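First up is the structure itself, then whatever we jot down about it.
The values are calculated or read from the model by the stated rules, or taken from the named source; none is laboratory data. Computed from a predicted model, the values in this text were never measured in an experiment. In this analysis, Cβ positions are derived from the backbone assuming ideal geometry, glycine residues included, and neighbour counts consider all displayed protein chains. SASA here: full protein model, heavy atoms, side chains in, ligands and nucleic acids out. Shrake-Rupley method; radii C 1.70, N 1.55, O 1.52, S 1.80 Å.
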Amino acid sequence: MALNELNFKYKVENPQSIAKEYSHLGVVGSGDLEVLMEKKDFGGGAEVKVVTPVTGFDKVWEMVVTKFVKGNNLGDLLIEINDNNATPVVVSMRLRQALAEANKIEKGGE
Amino acid sequence: MLSWDELQKAKFTEANARERAFGLVDKGTFTEFVSPRDRMPSPHLPVLGEAIGYDDGVVTGIGLIGKRPVFVVSQEGRFIGGAVGEVHGAKMVQAIKLALKAYEDVKVKYPDSYEERLPAVVISFETGGVRLHESNAGLLAHAEVMDQFQDARGKIPIIAVIGSKIGCFGGMGFVGAATDVIIMSEQGRLGLTGPEVIEQEMGKDEFDASNKALVFRTTGGKHKYIMQDANFLVEDSVAGFYQQLQEVMKLPFAEIEKFRRIGSKKLVEEQLELVKLAVGLGAKDSMDVWKYYGNEDPAKLVDMGPDEFLKVAKRRERKLG
């Protein structure tokens with residue numbers, strides 16, 4: 001019954017963090033999720049925490065998250081996901097959007 | 001997230017809670033309280049296996065409209081229907097408490113010009129009321145918000161902004177009605193028992209919740225505007241609501257207080273006359289009431305755009321200033 005918490009750790013070569021100190025994207029609506037990205041001194045590593053009501057799909061989560069972190073060479077970064085039954089496609093899309101948001105250079109007055 | 005300028009053009013119904021909070025105050029002035037980075041999810045949802053959100057479905061913060069500090073509360077309907085739980089409620093209450101503290105501070109710091117710097121509270125409702133998973137804590141939160149409203153009476157204005165998909169229903173319908181000013185769009189809905197619940201309890205003959213036209217002309221902004229339940233009707237854009245807020249902020253507080261619908265013996269009497277009318281008129285549809293208030297062809301009002309509607313719609317006349 002309780003929520004399912006998954007934790008993943010990565011270490012990639014030439015890691016890239018994000019431009020902002022932290023960034024948030026998304027709403028925990030049905031079939032959707034929120035992503036919090038925070039710059040952290042992990043010695044180049046990246047950590048991902050997923051909180052989801054879904055059970056039995058840990059392997060799928062790992063594949064989606066691994067592809068994202070390794071594909072973007074992410075490091076010194078904490079990613080937290082609060083999920084509400086999003087499909088893997090939605091998760092991938094939101095992660096990409098979250099990364100774009102986290103690297104957006106702030107314009108004056110925003 | 002869209003920039004402030006892009007947001008102004010965006011539809012209010014499509015903006016999420018954070019975008020609304022950000023866009024309802026002057027450009028670049030919004031600062032969030034207890035943002036997602038502070039990680040304040042509900043402590044009750046995990047044990048039930050329900051998804052959590054770091055803002056617990058509500059965005060609170062402070063911004064400016066002109067010189068006035070505006071404390072914003074903005075509910076997220078996509079998170080459990082915007083329902084109010086313990087953390088969600090506590091965030092609402094604290095925002096109003098801070099506004100009251102700011103009121104005291106402003107009075108001390110600017111004894112001669114505090115009126116133009118008077119804080120205000122703006123609540124963008126999108127909720128079905130109590131979050132049933134956290135029943136007692138959710139109910140208590142409603143009472144505490146009402147309590148803060150009472151403390152704010154005669155000091156700072158509390159302004160309701162209703163134009164999001166879920167509308168403002170359940171216990172929060174009472175809370176919305178207890179504010180000083182209500183600004184709605186045609187798409188905004190305000191009521192106590194939601195259409196689906198009425199149908200479930202009383203049957204399809206009483207209220208057909210699948211009949212969207214019926215639902216909107218009974219609970220929607222146009223009806224509320226004619227009935228004077230809503231003080232202002234605006235177009236469905238962030239700019240529409242923001243500009244109306246700017247207008248309201250220009251008014252002296254004594255004028256703003258006149259927008260209230262409840263809160264004094266006289267106002268209760270005015271409401272009771274409406275109850276009498278509802279029985280006496282034997283209205284079968286909100287359009288019967290529109291006709292009663294002088295709208296010769298009420299059916300025409302249904303599909304009218306907001307600009308034309310505001311020009312031609314006749315409203316109930318209020319007895320009090």
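Of all DSSP beta bridges located in the protein assembly as shown, what percent are antiparallel, nearest 5?
If I count the DSSP bridges inside the protein assembly as shown, around 55 percent turn out antiparallel.
Mind grabbing the interface size between B and A? I mean buried accessible area, both sides, 1.4 Å probe, in Å² to the nearest hundred.
Chain pair B/A: roughly 2000 Å² of buried accessible area.
Rg/Rh for chain A to two decimals, with Rh computed the Kirkwood way over all alpha-carbon pairs.
Radius of gyration over Kirkwood radius for chain A works out to 0.97.
Given a Förster distance of 22 angstrom, what is the FRET efficiency for B:GLU247 paired with B:PHE174, based on the Cβ-Cβ distance and rounded to 0.05?
0.25
Using the 2.2 N^0.38 Å rule of thumb for compact globular proteins, work out how the range B:21-72 stacks up: its C-alpha Rg over that value, please.
Relative to the 2.2 N^0.38 Å estimate, the range B:21-72 comes out at 1.42.
Suppose we keep just the DSSP beta bridges with both residues in chain B; what percent of those would be antiparallel, to 5?
About 40 percent, rounded to the nearest 5.
In whole angstrom, how far apart do the alpha carbon centroids of the range B:248-321 and the range B:115-163 sit?
Their Cα centres are 23 Å away from one another.
Past 20 Å, Cα to Cα: identify those pairs from B:LYS107/B:LYS155; B:LYS67/B:LYS91; B:LYS11/B:LYS300; B:LYS9/B:LYS165; B:LYS107/B:LYS250, in the order given.
B:LYS67/B:LYS91; B:LYS11/B:LYS300
Along the Cα→Cβ direction, 7 angstrom out, place labels at B:LYS258 and B:GLU308. What is the inter-label distance in nm?
3.1 nm
Which one of B:THR219, B:PRO298, B:GLY194 is farthest out on the positive end of the charge dipole of the protein assembly as shown, using unit charges on Cβ (Lys, Arg +1; Asp, Glu -1) and the Cα centre as origin?
Going by the Cα projections, it comes out as B:PRO298.
B:SER3: accessible area at probe 1.4 Å, nearest 10 Å²?
Approximately 20 Å² of B:SER3 is accessible to the 1.4 Å probe.
What is the range B:1-101's relative contact order, in percent, from Cα pairs under 8 angstrom and six or more apart in sequence?
It comes to 25 percent, rounded to a whole number.
Lys and Arg at +1, Asp and Glu at -1: add these up for the other residues within a Cβ distance under 12 Å of A:ASP32 and post the number.
-1
How high is the relative contact order of chain A, in percent, with contacts defined as C-alpha pairs under 8 Å that are six or more residues apart?
39 percent
When the dipole is taken about the Cα centre of the range A:4-102, and only Lys, Arg (+1) and Asp, Glu (-1) are charged at their Cβ, what size is it in debye, to the nearest 20?
Using only the charged Cβ atoms, the result is roughly 280 debye.
In the range A:1-36, which residues become less accessible by 10 Å² or more once every protein chain is in place, relative to the chain on its own, using a 1.4 Å probe?
A:MET1, A:ALA2, A:LEU3, A:GLU21, A:TYR22, A:HIS24, A:VAL27, A:VAL28, A:GLY29, A:ASP32, A:GLU34, A:LEU36
List the relative contact order of chain B as a percent without decimals, with contacts defined as Cα pairs under 8 Å and 6+ residues apart.
This gives 15 percent for chain B.
Can you tell me the Rg and the Dmax, both Å, for the Cα atoms in the protein assembly as shown?
That works out to 23.2, 78 Å for Rg and Dmax.
What's the extension gain from B:GLN271 to B:ALA143 if we count 0.36 nm per residue and subtract their Cα-Cα distance?
Result: 43.9 nm gained on full extension.
Would you mind classifying the range B:249-321 by shape? Square roots of the alpha carbon gyration tensor eigenvalues, ordered a ≥ b ≥ c; an a/c under 1.5 is rounded, otherwise it is prolate if a/b is larger than b/c and oblate if not.
oblate
Between B:SER135 and B:ASP105, what is the FRET efficiency for a Förster distance of 45 Å, r being their Cβ-Cβ separation, to the nearest 0.05?
0.80
Distance between the C-alpha centers of the range B:5-26 and the range A:1-40? Whole Å please.
25 Å
I'd like the accessible area for B:TYR225: 1.4 Å probe, protein heavy atoms, all chains in place, Å² to the nearest 10.
About 30 Å², ignoring ligands and nucleic acids.
Tally up the carbon and sulfur contribution to the accessible surface of the protein assembly as shown as a whole percent, 1.4 Å probe, everything protein left in place.
It is 54 percent, rounded to a whole number.
With label points built 7 Å along Cα→Cβ from the Cα atoms of B:THR31 and A:PHE57, find their separation and express it in nm.
Label at B:THR31, label at A:PHE57, 4.0 nm between them.
May I ask for the angle, rounded to the nearest 10°, between helix A:88-102 and the longest principal axis of chain A, with both axes built from Cα atoms and the value confined to 0 to 90°?
In chain A, helix A:88-102 runs at an angle near 20 degrees to the longest axis.
Could you check what % of the DSSP bridge pairs in the range A:4-102 are antiparallel, to the nearest 5?
Percentage antiparallel, nearest 5: 75.
On a 0 to 90° scale, report how tilted helix A:58-71 is relative to the longest principal axis of chain A, with both axes built from alpha carbons and the result rounded to the nearest 10.
Once rounded, the angle reads 20 degrees.
Highest GNM mean-square fluctuation, chain B, Cα pairs closer than 10 Å: which of B:LYS97, B:LYS107, B:LYS165?
In the Gaussian network model the winner is B:LYS107.
Please compute the per residue accessible area over the range A:4-102 with all protein chains in place, 1.4 Å probe, rounded to a whole number of Å².
With the other protein chains kept in place, the range A:4-102 gives 47 Å² per residue.
I'd like the accessible area for B:ASP236, computed on protein heavy atoms only with a 1.4 Å probe and all protein chains in place. Round to 10 Å², please.
Roll a 1.4 Å probe over it and B:ASP236 shows about 20 Å².
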